[in-house]
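The values are calculated or read from the model by the stated rules, or taken from the named source; none is laboratory data. Here the structure is a predicted model, which means the values were calculated and not measured. Here the Cβ positions follow ideal geometry from the backbone for every residue, glycine too, while neighbour counts run over all protein chains shown. Side chains are part of the model used for accessible areas, which takes the heavy atoms of the whole protein and leaves out ligands, DNA and RNA. Shrake-Rupley method; radii C 1.70, N 1.55, O 1.52, S 1.80 Å.
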Amino acid sequence: MKVYEGTDIRNVALIGHGHSGKTTLVAGLLYTSGATNRLTRVDEGNTITDFDDEEVQRKISISTALAYAEWAKKKINLIDTPGFNIFINDTKAALAAADSAVVVIDGVAGVEVQTEKVWSFAEEFQLPRAILINKLDRERSDFNRALASVQEFFGRLAVPIQLPLGAEKDFKGVVDLVRMKAYTYANDGDGKGKEGEIPAAMADAAQKAHEALVEMVAEGNDALMEEFFDKGTLPVEHIQEGLRQAVADRRIYPVLCGSGLHNVGSDLILNFMVENFPAPTDHAPLAGKLNGQDVQRSIKDSEPVSAFVFKTVADPFAGRVTYFKVISGIVKNDANLVNARSGAQERLAHIGALAGKTLQPVTEIKAGDIGAVAKLKETVTGDTVGDKGALISFPAVQLPEPSIAFAISAKSRQDEDRLGNAIQRILEEDQSLRFYRDPQTKEFLLAGSGQQHVEVIVSRLKKRYGVDVELKAPKIPYRETIRGKADVQGRHKKQTGGHGQFGDCWIRMEPLARGGKFEFANEVFGGAIPRNFIPAVEKGIVEAAANGFLAGYPVVDFKVTVYDGSYHDVDSSEMAFKLAARKAFKAAMQQAKPSLLEPIMNVEVQAPVEYAGDLMGDLNGRRGRIQGMDTKGSTQIIRAQVPMSEMLSYQNDLISMTQGRASFSMEFSHYDYVPPLQAEKIIAAAKAAKTGEEEEEE
Ligand SMILES: Nc1nc2c(ncn2[C@@H]2O[C@H](COP(=O)(O)OP(=O)(O)OP(=O)(O)O)[C@@H](O)[C@H]2O)c(=O)[nH]1
Ligand SMILES: [Mg+2]
């Protein structure tokens, strides 16, 4: 395909709540621009940007995908991002490549939980943005109500530059408030509107909205303000120029309207992107590091080459595909570039422009444009590759840690052999996934942003790599501790033939504050236990504590003082004192009121206000303690502390309680006592498991 100048590029991310219609809109824009020869549909599983098997099957975007539209001699790179909360990290990572964003809003629901989330991402990246009130063909959709919710959340800078013509099933066009013209569209047509006059019935509303827009455009621009005061209005060219500037400066977030599904308004959206969104080359120089120094790099072809990797895809056939944005210089096909992190040489053979899963070969990619290449050796997401002589690196996007973990085990020996390699490749493309072994429970854990996220990975392991694994809820890392004190003797004596074994110690045990772990003190006087055996006593206690007393969980937050004992010149040994200490530990635990501890999580739930009562009742039922509540518009935020064991199925329960309209996050807070009723069950389960194990061993 053709090579575009940076000034002729637009890198636009489509962001929004799950299901708001981003992928469908991209399909409409691609068709309108002629990139595809028909209107593809999410529900038919044939869109360019939801190409992954899991996406087709689940009808949601799981991972960011790119495609481009050529429109008015410009190349618009459309960055289609996921909107569901558990896949939203990928959206954030992809915004590193965007220069602007369209925030897509469901015309029925208005602003939703993830709309706010992606808005905050766009703020972080300081992206100029527009807001599209979409799905206006839907029953009960309402442009004015959706606009009111947008303005409630994002303020008065959200100004309509379009109004809908007709509503719900009669939604058939758009009034352009800049040019003051009406555009009507054939249902499921080519997305190209027929220009006409504004219908008389709408003339007043359109005029009022036009004046409000012109005033906003003039505000913050002295020359335009003066002209506006003089004439009471502005010529179209001046409105256009003022709007472009205001969008770039983030003084205005223009509100557009449309229906991706029926391809209403698509040509105007493309026009808007070309006319009002900045080119990458308009961006201020980018900050990076060169030899440990802070430096800036202009987005220019004439600078040394640097390309930032914002995404990696593990394709089972093509291998690793690396998505990059050229920050400076020109990336030529077959270029040899260097990874700024590792110093490794990478050859960029067969670079291309991204059209979904397809790479369309190009001879070079200029500063500001986005491209991809297969088979780089060791470059990963967040890396910068560039010219050897001027190796700048740009900061990687920081993502939150996973909120949920599952124990994962291979179904067969063969699966086990292949699991490591397959997981490794999946980890490369998904930065919000973690795979590790729990040092305590010895289980392999797969951690992600939610249950569905981990399930997608399991399905991918099977379909892409033929590896069958099973998921189980992870074992809860319970702890044991004591609430009382003990003062006991531990004595080990054995006479077997010649040499005997003898160790004897007296210890005191007492609780420490939560988080105090373990302390050991030696108060033995007069050599009742020889000095060289004291470490063996400590070791015996530590080993016994690691194996638990009540249910096999490590004992924590206690102190042991050894203060007396006795020994035998010949029969005493380190081993004998270790065994004596173990006996002492067990006897002490019996006296010291042993108790179980469980991890307590900080949980934050966001949901539409109407669910607040149900959600609080549910959290109470999970032994949760409500810590605080906040309302933000129609969203309720509930903060609570809840035992981890009660949260294992929360993701699914929350979805069914709220029709998927809520999200939550959680992190570890502290350990607290398990109430007696639950403790009994845990101890019984541990005993049963132990008996099972012993039988197996026999
Ligand atoms: N009536 C109507 N339905 C639409 C419109 N746009 C999308 N849909 C439907 O809404 C559902 C979700 O559309 P998607 O395009 O997958 O939404 P998305 O924002 O990409 O969703 P995620 O990628 O999962 O965040 C699909 O069933 C679409 O057919 C629209 O303009 N009108
Ligand atoms: Mg999508």
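Before moving on, here are some points about what is shown:
- Taking the range 377-457 as the region of interest, the strands (runs of 3 or more DSSP E) fully inside it that hold 1 or more residues being surrounded by fewer than 19 Cβ atoms within 10 Å (Cβ to Cβ) and without any contact (Cβ under 8 Å) to a residue 24 or more places away in the chain are 434-437.
- Filtering the range 53-71 to residues that are open to solvent by 10 Å² or more (accessible area, probe 1.4 Å), away from ligand 2 (no atom under 11 Å from the Cβ) and outside any strand (DSSP E or B) leaves Asp53, Val56, Gln57.
- Single match in Leu270, Leu243, Leu286, Leu256 (criterion: open to solvent by 10 Å² or more (accessible area, probe 1.4 Å) and touching a residue at least 12 places away in the same chain (Cβ under 8 Å)): Leu286
- Single match in Leu157, Leu177 (criterion: more than 16 Å from ligand 2 (Cβ to nearest atom), under 37 Å from the mean Cα position of the chain (by Cα) and under 22 Å from Val102 (Cα atoms)): Leu157
For every residue, the table says whether it meets (1) farther than 22 Å from Ile60 by Cβ; (2) at pLDDT 90 or above; (3) over 21 Å from the mean Cα position of the chain (by Cα).
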{"position": "Lys377", "(1), (2), (3)": "yes, yes, yes"}
{"position": "Val380", "(1), (2), (3)": "yes, yes, no"}
{"position": "Val385", "(1), (2), (3)": "yes, yes, yes"}
{"position": "Pro402", "(1), (2), (3)": "no, no, no"}
{"position": "Phe406", "(1), (2), (3)": "no, no, no"}
{"position": "Ile423", "(1), (2), (3)": "yes, yes, no"}
{"position": "Phe435", "(1), (2), (3)": "yes, yes, no"}
{"position": "Gly448", "(1), (2), (3)": "no, no, no"}
{"position": "Ile457", "(1), (2), (3)": "no, yes, no"}
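- Subset of the range 524-550 [of a type in the set (A, V, I, L, M), within 20 Å of Glu510 (Cα to Cα) and assigned to a loop (DSSP other than H, G, I, E, B)]: Val524, Leu550
- Test: residue in the range 87-100 that is among the hydrophobic types (A, V, I, L, M, F, W, C), within 15 Å of ligand 2 (Cβ to nearest atom) and modelled with pLDDT of 95 or more: yes
- Residues (under 13 Å from Leu157 (Cβ atoms) and either within 16 Å of ligand 2 (Cβ to nearest atom) or not small (Gly, Ala, Ser) (or both)) located in the range 241-271: Leu243, Val247, Asp249, Arg250, Arg251, Ile252, Tyr253, Pro254, Val255
- Qualifying residue in the range 512-532 (condition: out of contact with any Cys (no Cβ under 9 Å at 6 or more places or on another chain) and buried (at least 20 other Cβ atoms within 10 Å of the Cβ)): no
- All positions within the range 50-66 that are hydrophobic (A, V, I, L, M, F, W, C) and more than 13 Å from ligand 1 (Cβ to nearest atom): Leu66
- Any hit, the range 332-344, residues being in a strand (DSSP E or B), closer than 18 Å to Lys311 by Cβ, of a type in the set (S, T, N, Q) and open to solvent by 30 Å² or more (accessible area, probe 1.4 Å): no
- Qualifying residue in the range 468-479 (condition: under 30 Å from Ala576 (Cβ atoms) and either part of a strand (DSSP E or B) or open to solvent by 40 Å² or more (accessible area, probe 1.4 Å) (or both)): yes
- Only listed residue being over 40 Å from the mean Cα position of the chain (by Cα) and among the basic types (Lys, Arg), chosen from Arg623, Arg582: Arg582
- Residue match in the range 482-502 (condition: open to solvent by less than 60 Å² (accessible area, probe 1.4 Å) and under 37 Å from the mean Cα position of the chain (by Cα)): no
- For the range 603-635, the set of residues classified as out of contact with any Pro (no Cβ under 9 Å at 6 or more places or on another chain), part of a strand (DSSP E or B) and either polar (S, T, N, Q) or open to solvent by less than 30 Å² (accessible area, probe 1.4 Å) (or both) consists of Val603, Val605, Gln606, Ala607, Pro608, Gln627, Gly628, Thr631, listed by residue number.
- Residues satisfying the stated conditions in the range 40-59, i.e. hydrophobic (A, V, I, L, M, F, W, C) and under 21 Å from the mean Cα position of the chain (by Cα): Phe51, Val56
- Taking the listed residues Leu286, Leu256, the one that is in contact with a strand residue (DSSP E or B) (Cβ under 7 Å, 6 or more places away or on another chain), within 30 Å of Gly107 (Cα to Cα) and not β-branched (Val, Ile, Thr) is Leu256, with no other qualifying.
- Residue that is modelled with the lowest pLDDT [pool: residues in the range 644-666 that are under 14 Å from Ala607 (Cα atoms) and surrounded by fewer than 16 Cβ atoms within 10 Å (Cβ to Cβ)]: Gly660
- Here Lys462 passes the criteria (1) under 40 Å from the mean Cα position of the chain (by Cα); (2) open to solvent by 60 Å² or more (accessible area, probe 1.4 Å); (3) within 28 Å of Lys559 (Cβ to Cβ) except the one numbered (3).
- Flag for Phe558 being buried (at least 19 other Cβ atoms within 10 Å of the Cβ), touching a Lys or Arg at 6+ places or on another chain (Cβ under 9 Å) and aromatic (Phe, Trp, Tyr): yes
- Subset of the range 667-685 [outside any helix (DSSP H, G or I) and either farther than 30 Å from Ser634 by Cβ or open to solvent by 60 Å² or more (accessible area, probe 1.4 Å) (or both)]: Glu667, Phe668, His670, Tyr671, Asp672, Tyr673, Val674, Pro675
- Checked against (1) within 12 Å of ligand 2 (Cβ to nearest atom); (2) in contact (Cβ under 8 Å) with a residue 40 or more places away in the chain, Val42 passes all but a single condition, namely (2).
- Those residues of the range 217-236 which are of a type in the set (Gly, Ala, Ser), closer than 20 Å to Tyr253 by Cβ and in a helix (DSSP H, G or I), in sequence order: Ala218
- Among the candidates Thr32, Thr49, Thr24, the residue that is open to solvent by less than 10 Å² (accessible area, probe 1.4 Å) and within 14 Å of ligand 2 (Cβ to nearest atom) is uniquely Thr49.
- Val555 passes every criterion in (1) in contact with a helix residue (DSSP H, G or I) (Cβ under 9 Å, 6 or more places away or on another chain); (2) over 30 Å from Glu598 (Cα atoms); (3) of a type in the set (Val, Ile, Thr) apart from (2).
- Of Thr32, Thr23, Thr47, Thr7, all but one fail to be modelled with pLDDT of 95 or more, near ligand 1 (Cβ under 8 Å from one of its atoms) and farther than 30 Å from Val605 by Cβ; the exception is Thr47.
- Listing of helices (runs of 4 or more DSSP H) fully contained in the range 72-190 that carry 2 or more residues being within 16 Å of ligand 1 (Cβ to nearest atom), open to solvent by 10 Å² or more (accessible area, probe 1.4 Å) and farther than 26 Å from Ala206 by Cα: 88-94, 113-124
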